[in-house]
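Below: one structure, written as C-alpha cells.
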Amino acid sequence: MDSLAQFWSTVAAWLGVAAGQAGSVAQAGASRLDMAQLLALAGVLGWASGIRLYAVVFLVGMSGWLGWFPLPAGLQVLQHPAMLAASGFMLFVEFFADKIPGLDSVWDLLHSVIRIPAGAALAAGVFGADSGTMAAVAGLLGGSLAATAFATKATARAAANTSPEPFSNLGLSLLEDGLVVAAVWLATHHPVAFGICLLLVLVLSVLLLVVLFKFLRLLARKLTSLLSNTASQGT
C-alpha cells in the first residue's frame, strides 16, 4: 500500500511539474502571438465547436499543455489537467456516438444548445483577458461560425441517415474528425492559410445547406404523400 501511494504521489508531482512548465511556456509565448494567430485561433475554436466541440477543446488544450502552442490567458483553463481529462473523456464518447446512424442525430440535437454558445465563449476567450471589445467581436463571429458549421453538419447527417446503409454516415463522421484535426493544425501553424480555407469552407457550407435543404424538403413531401395514400387506402 505504501509503495502504491508513493507511486501515485510521484505521478501527481510529475503532472504538476509538467503542467507548471507547460504553463510557463504558454504564458511566455502568448504575448508573442500576433493578430493573425489570435484571429485564426478564435476562428478555429468557433467553427470546429459546431462540429466537434470536445475534440477542439482537447486538441487546443493539449497543444498548450505540451507547450506546442502558447495559449492566451483567457484560454489557459483548457490546458488544466482536469479540463483535459473531462474533454478527453467526452471526446471518446462522442467519437463513437457520432458514428451510429440515428444516434448521431440525437447527439446533435442534445448538443444544439451547447455547441453554439460554447463556440462563442471559446472564441471570446482568445481576447477576453486583454480587450473587451475584441472579445465581444470574436464571440459574435465565433458563435456565427459554430452555428454555420453545426447547421451544415446536422443537415448532412439527416440526409445521410435517409440511406439504409451505414457507410455514408461513418464516412461523414471520419471526414469531420479529420477536418477538425487539420483545421486546428492549420490555424496554429499557418493562420493566413487557415483564414483562406475557412472562407472557402463557409461558401461551400452555404451551397451545401441549400442543396440538402431542398433534398430533405422533397423527401418530407414524398413521405407525407406516402403516408396520406396509405391512410386513405386503409379507410
> Which ones in the range 60-111 are under 27 Å from Met134 (Cβ atoms) and either among the aromatic types (Phe, Trp, Tyr) or in contact with a strand residue (DSSP E or B) (Cβ under 6 Å, 6 or more places away or on another chain) (or both)?
Replying inline: Trp65, Trp68, Phe69
>> Quick test of your reading of the structure: Gly64 fulfils all but one of (1) open to solvent by less than 10 Å² (accessible area, probe 1.4 Å); (2) in contact with a Phe, Trp or Tyr (Cβ under 8 Å, 6 or more places away or on another chain). Name the failing condition by number.
In response: (2)
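Kindly check whether there is at least one residue in the range 131-152 that is assigned to a helix (DSSP H, G or I), farther than 20 Å from Leu204 by Cα and modelled with pLDDT under 85.
Narrowing the range 131-152 to residues assigned to a helix (DSSP H, G or I): 132-152.
Restricting the remaining residues to those that are farther than 20 Å from Leu204 by Cα gives 132-140.
Going one step further and asking which of them are modelled with pLDDT under 85, we end up with 132-133.
Looking for residues that are assigned to a helix (DSSP H, G or I), farther than 20 Å from Leu204 by Cα and modelled with pLDDT under 85, one finds at least one in the range 131-152, hence yes.
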>> Of everything in the range 55-78, what is assigned to a helix (DSSP H, G or I) and small (Gly, Ala, Ser)? Give them in sequence order.
In response: Ala55, Gly61, Ser63, Gly64, Ala73, Gly74
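I'd like the residue in the range 92-123 that is assigned to a helix (DSSP H, G or I) and charged (D, E, K, R) and, out of all such residues, is farthest from the chain's Cα centre (by Cα). Lay out the reasoning, then the answer.
If we filter the range 92-123 for residues that are assigned to a helix (DSSP H, G or I), which is where we start, we get 92-97, 103-110, 115-123.
Those left that are additionally charged (D, E, K, R): 94, 104, 108, 115.
Values: Glu94: 11, Asp104: 15, Asp108: 12, Arg115: 8 Å.
The residue in question is Asp104.
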> In the range 159-192, which residues are open to solvent by 50 Å² or more (accessible area, probe 1.4 Å), under 13 Å from the mean Cα position of the chain (by Cα) and in contact (Cβ under 8 Å) with a residue 24 or more places away in the chain?
Replying inline: Leu179, Val181
>> Based on this model, can you work out whether Phe89 counts as of a type in the set (Phe, Trp, Tyr), open to solvent by 40 Å² or more (accessible area, probe 1.4 Å), in a helix (DSSP H, G or I) and in contact (Cβ under 8 Å) with a residue 12 or more places away in the chain?
In response: no
>> Looking at (1) closer than 19 Å to Pro72 by Cβ; (2) crowded, with 18+ Cβ neighbours inside 10 Å, which one does Ala156 not meet, given that it meets all the others?
In response: (1)
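The values are calculated or read from the model by the stated rules, or taken from the named source; none is laboratory data. Quick caveat, the model's predicted, so the values are computed rather than measured. When we count neighbours, we look across all protein chains shown, and the Cβ atoms used for this are built from the backbone with ideal geometry, even at glycine. We work out accessible area using only protein heavy atoms, side chains counted, and drop any ligands, DNA or RNA first. Shrake-Rupley method; radii C 1.70, N 1.55, O 1.52, S 1.80 Å.
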